[in-house]
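The values are calculated or read from the model by the stated rules, or taken from the named source; none is laboratory data. Everything numeric in this text was worked out from a predicted model, so none of it was measured. Glycine gets a Cβ as well: all are built from the backbone with ideal geometry, and neighbour counts include every protein chain shown. When the accessible area is computed, the model is the full protein with side chains, heavy atoms only, and any ligands, DNA or RNA have been set aside. Shrake-Rupley method; radii C 1.70, N 1.55, O 1.52, S 1.80 Å.
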Amino acid sequence: MEFLNVVVGAETGLLKGVDTEKKTFTNFNSVHSASKNQEVCMICWKDKTQSNVLVGLRDGTIQDLDTKSGDIQTILNCKESEDGDKVVIRGLCTYNSCLVTCLSNGRLTIWSESEGDIKTWQKTMETHVGSDIYKMRQNPSKPNICATGGKENDLKIIDLDSPEQPLFKAKNVPHDWLNLRVPVWVTDMQFIPESDRVVTSTGHSQVRVYDPKIQRRPIKEIKYDEYPITCMALYNKRQVIVGNTHGNIALIDLDKGHMVQCYKGVSGSIRSMECHPTLPYTASCGLDRFLRVHNIETKALISKVIKVKLKLLYLR
């Protein structure tokens, strides 16, 4: 197995760098500073060099972590005094030297760094994308495009150059066979490369594919298991990997519309997962306190590291 770098964040606020080959890890911050109020909610790379990581904490603090030196610097707080403890950060990314944050109350903000000797971050744009947001994700191939979704807040696609009005707003599926409204609960989304399509996962165990050029409703829906899907990772243009609240991980084929295979060894709810950009590996972490790396093709468990309440991970 080739060397893999993984950055993980815990519910206690600890940040760790993991060598999955040697099955060792390093704490970037002090164990004595661990606090539930510092829970890691979002992680993203600061730029393409992948030397610095931006970390969003439960209290709204955004930190800049240098993975080489281990230095951590607090750069801003994206929450306001009236937000309260229940409002947490659900999205974090960079665009044109700006920071983009999205809170669970739907406040999406673009921050720019001021000029001068003392660097501060100021709001340049703020908009509202609806309440109860569960996820905001950036399009890797089109950094100006982001998607949001949540509970009773269906998929929206937003252009960060003009975020006041979304480019696309999904429409709920028709009523069920009892003529009852189908509840909306978007938990994660991914942009399908080389297309305008977006795939979403839901808290009602559905995987849906949207094509804004065709219609507002999903063009395909795939049912997986019976438990809420918590996170999703894109493997290739036609396959995604999903994890749910019962620790089940599966590879879903979007073209054929069914599950391809499952990955065993997990005993708790999956909180985060990522696929390696070039190798057939997927990393996942959750409530059973372990970081696991599976071979996507063979289903083999390659590595199992750490015993701490993990919340998020990011692959390099």
Seminar exercise, completed: Filtering the stretch 84-134 down to residues that are charged (D, E, K, R) and more than 26 Å from Thr202 (Cα to Cα) yields Glu113, Glu115, Asp117, Lys119, Lys123, Glu126
For this session: Please tell me if Arg90 is open to solvent by 40 Å² or more (accessible area, probe 1.4 Å) and modelled with pLDDT of 90 or more.
Result: yes
Exercise. Quick one: in the stretch 17-27, which of the residues that are open to solvent by 10 Å² or more (accessible area, probe 1.4 Å) and not hydroxyl-bearing (Ser, Thr, Tyr) is nearest to Asp59 (Cα to Cα)?
Worked result: Asn27
For this session: Could you check how many residues of the stretch 237-262 are open to solvent by less than 10 Å² (accessible area, probe 1.4 Å) and free of Cβ contacts under 8 Å to residues at least 40 places away in the same chain?
Result: 3
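Condition first: among the acidic types (Asp, Glu), open to solvent by 60 Å² or more (accessible area, probe 1.4 Å) and assigned to a loop (DSSP other than H, G, I, E, B). Can you find one or more residues in the stretch 277-294 that meet it? Please lay out each step first, then the result.
Filtering the stretch 277-294 for residues among the acidic types (Asp, Glu) gives 288.
Subset that is open to solvent by 60 Å² or more (accessible area, probe 1.4 Å): none.
Among the residues of the stretch 277-294, not one is among the acidic types (Asp, Glu), open to solvent by 60 Å² or more (accessible area, probe 1.4 Å) and assigned to a loop (DSSP other than H, G, I, E, B), which makes the answer no.
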Problem set entry | Test: residue in the stretch 108-118 that is touching a residue at least 24 places away in the same chain (Cβ under 8 Å), under 20 Å from Pro140 (Cα atoms) and aromatic (Phe, Trp, Tyr) | yes
Exercise. So which residues in the stretch 27-52 are out of contact with any Asp or Glu (no Cβ under 8 Å at 6 or more places or on another chain), touching a residue at least 40 places away in the same chain (Cβ under 8 Å), part of a strand (DSSP E or B) and closer than 17 Å to Asp71 by Cα, if there are any at all?
Worked result: Ile43, Cys44, Trp45
Exercise. If you check Ile72, Ile110, which single one turns out to be over 30 Å from Glu194 (Cβ atoms) and of a type outside the set (Gly, Ala, Ser)?
Worked result: Ile72
For this session: Working only within the stretch 195-229, note down all residues that are of a type in the set (Phe, Trp, Tyr) and closer than 17 Å to Ala147 by Cβ.
Result: Tyr210
For this session: Output the qualifying pairs, or none if there are none: Cβ atoms under 6 angstrom, residues six or more apart or on different chains, first residue in the stretch 158-183 and within 20 Å of Pro140 (Cα to Cα), second residue acidic (Asp, Glu) and open to solvent by less than 50 Å² (accessible area, probe 1.4 Å).
Result: Leu167/Asp159
Problem set entry | Criterion violated by Thr74 - all others in (1) exposed (fewer than 14 other Cβ atoms within 10 Å of the Cβ); (2) farther than 23 Å from Ser272 by Cβ satisfied | (2)
For this session: Please go through the stretch 84-125 and pick out each residue that is among the acidic types (Asp, Glu) and part of a loop (DSSP other than H, G, I, E, B).
Result: Asp85, Glu115, Asp117
